[in-house]
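Just below is one structure, and these are the notes that go with it.
The values are calculated or read from the model by the stated rules, or taken from the named source; none is laboratory data. Computed from a predicted model, the values in this text were never measured in an experiment. Every residue, glycine among them, receives a Cβ derived from its backbone with ideal geometry; neighbour counts consider all protein chains shown.
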Amino acid sequence: MSIVNGSRIELLVLRGGSCTGKTRTAYEAVTQHLPDWHLIYPKTADALVAALEANAVTEGTVLWLDDAQQLFEQPAGEEAAAALRQLVEQPGPVIVLVTIWPSAYLRLTAPPMRDAPDNHPHARALLRPWSIIDVPEEFTGESLDEFYRRAEEDSALNAALASVAHPGALTQTLAAGPDLLDHWLHAVCPYGKAVLTAAIDASRLGLSRPTTAFLLSAAPGYLRAHERAEAPHDWGQRALDYGYELRKGVARALNAVPLSEGMGAEPGVHALADYLEEHAAPLREGLVPPPSFWTAIESEAGTADGLWRFGQVAAQLGFHAQAEQLYSRAVQASGHAEALWGLARYRELAGDHQEAERLALESERAGNPYGVRRLMKMRRWPASAELAVRADAAGYPRALSRLSWELENVDALDLFDELWQMVTEAGTYASDSVSKEDEQG
């Protein structure tokens, strides 16, 4: 109640796995304590940005960000997080209510690995300062005892106790989570299983809303030869119908995606059940999706930036050949600066140093100011210094200037003299870069 009666904006983060009761817990709290407050529930990052730009979040408003990872990992997610950072500095009372999975929280708040681009700086800065309310995975102690007492008079609760996958994991069972997993693992329809597996693999790459075209294009690669040969003419519809089958009267493996405004569903767009996204995806860890999947991903990406983003995730998952292919497609589409750097990195790792250097320079030319410096970090001295000198001679002095400044700052005089010798041998254009830096120091 101190939040309700206060003058601040509070951001509450409920962290817990799929089907653990995060949303229900938040719903009960809001209806009990804030029955007269306004509720804003944006379903996409773009909708959230639009609401904030329109100043729709006023005093006495609950801004509900359910499964927030689906917002912050969209293309406009960082823009939304930046706008929220500005919002939480304003006077209230306003509550920003966030529910999120532990794995997604870690992805969004962990600092980037060395030399890797920082994809979520605003999301990290938004989420990390606030206290976390952890929703437990299982009932324990008094809460479990209370569940047993109520189950004596409630057949649904009693059935959940009888079929629970793990002691105390009752909310997941009530939400038919384990049954959804079985629906996929032991599918009676091979085409349905192929479509669901494609959707699960898509979720691993951050594609949480695959289209019908994507699923049906990717599916053949998950089928055996005889299953493809014997496929009925309506195999695609059968596959989707299998994904939409209602399990235990409460859950589906695939779900319709509501329109961002108004009534109805987005045509030809599907959402994988949260439980499968969290629990089925780890079972696919290390397994490389088939070629049909990557062909479908290229079509689904739509833009060079989309291709690069999928390439980034593919690289993080260890699918390096596929990541390199996606980077190549992004470069072909628009000369994407970060994709050029991605290709440079792979060429350097493959030992093709000359091509790596060319691509790093192309990356800088396309607008990435760190292409050469990143490549320098992959090389040892003196190769790194020689690269900086060549880049300077080619018209990109930033890396050489930075290197000379760093050497001076740490009093690495021997290395600085060695760099100066390289510059002198390269000619006056490169020499000017170090001389100016020397004067500034």
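So for the stretch 90-109 (the condition being modelled with pLDDT under 85, surrounded by fewer than 12 Cβ atoms within 10 Å (Cβ to Cβ) and not in a helix (DSSP H, G or I)), does at least one residue qualify? Within the stretch 90-109, one or more residues are modelled with pLDDT under 85, surrounded by fewer than 12 Cβ atoms within 10 Å (Cβ to Cβ) and not in a helix (DSSP H, G or I). Counting the residues of the stretch 288-315 that are out of contact with any Leu (no Cβ under 6 Å at 6 or more places or on another chain), touching a residue at least 40 places away in the same chain (Cβ under 8 Å) and of a type outside the set (Gly, Ala, Ser) gives 10. Residues in the stretch 203-229 that are modelled with pLDDT of 95 or more and aliphatic (A, V, I, L, M): Ala213, Leu215, Leu216, Ala218, Ala219, Leu223, Ala225, Ala229. Based on what the data block shows, is Glu324 farther than 23 Å from Arg209 by Cβ and crowded, with 19+ Cβ neighbours inside 10 Å? So Glu324 fits the description; yes.
Of everything in the stretch 27-66, what is acidic (Asp, Glu), in contact (Cβ under 8 Å) with a residue 40 or more places away in the chain and either surrounded by fewer than 18 Cβ atoms within 10 Å (Cβ to Cβ) or part of a helix (DSSP H, G or I) (or both)? Give them in sequence order.
Step one: filter the stretch 27-66 for residues acidic (Asp, Glu), giving 28, 36, 46, 53, 59, 66.
When the remaining residues are screened for being in contact (Cβ under 8 Å) with a residue 40 or more places away in the chain, the result is 46, 66.
Of everything in the stretch 27-66, just one residue is acidic (Asp, Glu), in contact (Cβ under 8 Å) with a residue 40 or more places away in the chain and either surrounded by fewer than 18 Cβ atoms within 10 Å (Cβ to Cβ) or part of a helix (DSSP H, G or I) (or both), namely Asp46.
To keep it simple, each residue is scored yes or no on (1) part of a helix (DSSP H, G or I); (2) small (Gly, Ala, Ser); (3) modelled with pLDDT of 95 or more.
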position: Ala231; (1), (2), (3): no, yes, yes
position: Gly236; (1), (2), (3): yes, yes, yes
position: Gly249; (1), (2), (3): no, yes, no
position: Val257; (1), (2), (3): no, no, no
position: Glu261; (1), (2), (3): no, no, no
position: Ala271; (1), (2), (3): no, yes, no
position: Leu276; (1), (2), (3): yes, no, no
